[in-house]
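Here's the structure, in structure tokens; my notes come after.
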Amino acid sequence: MTTAPLRMPPLRRLPRTLPPLQNETVRSYLWRLAAANALTGLELQVHLTGSVKKETVTAEQLAMLTGYPARTLRYAMLELCRPADLARMQIAGRPRPGPTDWGWRWPHNRIRFACDHCATRRGVTRRVPARPQVWTTHEDVVCLRHRRWLGTLQQDVQPGLAHLPDILAANRRHRRLIQLHGREPVRSAVMAATPICRKWNDRSGGGQPSHERLLVFQNQGDETRFIDNAAVDAAAYPEIVALARLFASPYWRHQAMTDNLNPAPVADAVLTAIFEEIRTGQRHHLNIPEDIHEAIAGVLRPGPALARFTSEIRRTVNPHYEWHAWPHYNKFPPVTQWIMDQIEAVRNPGDHRLQRRQTSPEHYQPTVDVPRPRRASRYADASPAGQR
């Protein structure tokens with residue numbers, strides 16, 4: 001006995017429809033549609049795809065459900081687009097949807113909650129089960145229009161920045177750095193500067209600019225007691241951008257590396273004497289300078305260019321920064337380790353351990369003009385009779 005295939009009923013327009021936000025995720029839009037029509041997200045998904053599994057939703061299905069044109073939905077939610085659709089759209093600079101795994105410390109593709117004030121202006125009320133989520137780039141952590149901190153994670157609160165103009169200025173500086181050095185170098189620089197500045201803020205006492213900002217957040221009633229919250233991230237942001245400016249600048253990277261990039265060769269007799277010292281534990285009769293010992297041990301040697309780099313860190317980022325070259329508990333200081341990684345990347349550019357994932361950029365590049373078929377002119381001469 002054969003069973004007839006299951007036929008899905010034709011999709012009908014929902015009683016209440018909502019316009020999508022630009023760069024909104026498809027899942028967020030479906031959840032908002034479901035909440036507006038007293039449905040659950042699972043019920044709406046089954047109604048669309050006929051399955052409880054995560055099936056792909058098409059723009060045509062959403063168009064039948066909402067009444068909006070499929071082209072409008074594709075432009076707002078780029079997840080719905082095919083490669084041919086993307087080639088015909090002007091979407092340069094918009095965030096690219098993609099995997100959000102944290103396998104390489106910072107994903108290229110990230111999701112966060114939309115600015116509540118921007119969503120309200122577009123008729124989206126803040127309801128926790130259906131709060132809109134959008135794709136974002138790494139510099140889009142502040143809403144400059146409404147002076148709110150948005151962050152890089154799906155944090156529930158968005159602290160106000162009306163009394164913290166230095167955070168707003170840091171975000172403008174962040175965007176200028178991208179225009180000056182390019183998106184991927186600045187993204188890598190911010191990724192390297194974030195844990196360093198957070199560690200400095202954790203170890204430093206009161207009186208630091210980040211602690212002064214935390215006091216402002218406390219006076220506003222924002223939560224600042226936990227490490228991973230929006231106020232703590234926002235308080236460290238100006239120093240992160242200031243340190244990323246040095247990491248992304250070719251000039252300052254050269255100043256940090258040049259004293260140790262091409263060290264003077266060490267004579268074989270000196271190498272033999274140092275190895276003999278290591279084997280016996282006694283000093284050799286040769287008068288070996290201490291910097292030679294440091295070079296053999298892999299420790300960065302001080303120099304005038306490196307001194308200029310560390311002085312710039314003290315001037316613009318952390319006035320209490322002290323340079324340390326030797327490791328502590330088998331770990332080098334973070335800035336020292338960053339310099340050593342940069343030197344190793346220059347010496348061994350093909351080392352796979354030093355290459356970060358570059359296959360998924362976080363935003364779309366300028367689109368290439370696709371030639372479109374030209375329509376026949378309405379004023380063209382008529383073809384001779386009998387020729388069709």
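The values are calculated or read from the model by the stated rules, or taken from the named source; none is laboratory data. As the structure is a prediction and not an experimental result, all values here were calculated from the model. Cβ sites come from the backbone with ideal geometry, for glycine too, and all protein chains shown count toward neighbours.
Out of the stretch 223-245, which residues are of a type outside the set (D, E), farther than 30 Å from L180 by Cα and touching a residue at least 40 places away in the same chain (Cβ under 8 Å)? Please lay out each step first, then the result.
Residues of the stretch 223-245 that are of a type outside the set (D, E), as a first pass: 224-227, 229-232, 234-238, 240-245.
Then keep just the ones that are farther than 30 Å from L180 by Cα; that gives 224-227, 229.
Selection gives N229 alone.
Restricting to the stretch 153-171, what's the tally of residues that are over 22 Å from Q208 (Cβ atoms) and either over 15 Å from the mean Cα position of the chain (by Cα) or of a type in the set (S, T, N, Q) (or both)? Full working, then the answer.
Step one: list which residues in the stretch 153-171 are over 22 Å from Q208 (Cβ atoms), which gives 153-158.
From the residues that got through so far, the ones that are either over 15 Å from the mean Cα position of the chain (by Cα) or of a type in the set (S, T, N, Q) (or both) too are 154-158.
Number of matching residues: 5.
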Exactly one of (1) in contact with an Asp or Glu (Cβ under 9 Å, 6 or more places away or on another chain); (2) at pLDDT 70 or above is unmet by N330. Its number?
(1)
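Results for (1) at pLDDT below 85; (2) surrounded by 14 or more Cβ atoms within 10 Å (Cβ to Cβ); (3) in contact with a helix residue (DSSP H, G or I) (Cβ under 9 Å, 6 or more places away or on another chain); (4) closer than 30 Å to P97 by Cβ, shown as yes or no for each residue.
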site	(1), (2), (3), (4)
N318	no, yes, yes, no
H324	no, no, yes, no
E362	yes, yes, yes, yes
V370	yes, no, yes, yes
R374	yes, no, no, no
Any residue in the stretch 194-222 that is more than 22 Å from T152 (Cα to Cα) sitting within a Cβ distance under 7 Å of a residue that is modelled with pLDDT under 90 and part of a helix (DSSP H, G or I)? List the pairs, counting only those 6 or more apart or interchain.
Q208/N201
Look through the stretch 99-115, keep the residues that are in contact with a Lys or Arg (Cβ under 7 Å, 6 or more places away or on another chain) and at pLDDT 90 or above, and return whichever of them is farthest from D228 (Cα to Cα).
C115
Would you confirm whether or not the stretch 37-52 contains a residue that is among the small types (G, A, S), within 18 Å of Y75 (Cβ to Cβ) and at pLDDT 85 or above?
no
Find all pairs meeting these conditions: Cβ atoms under 9 angstrom apart; at least six residues apart or on different chains; first residue within the stretch 299-310 and in contact (Cβ under 8 Å) with a residue 24 or more places away in the chain and under 14 Å from P333 (Cβ atoms); second residue among the aromatic types (F, W, Y) and part of a helix (DSSP H, G or I).
F309/W252
Within the stretch 224-241, can one find any residue that is over 30 Å from F113 (Cβ atoms) and at pLDDT 60 or above?
no
With among the hydrophobic types (A, V, I, L, M, F, W, C) and more than 21 Å from P95 (Cβ to Cβ) as the only criterion, which of A35, A59 stands out?
A35
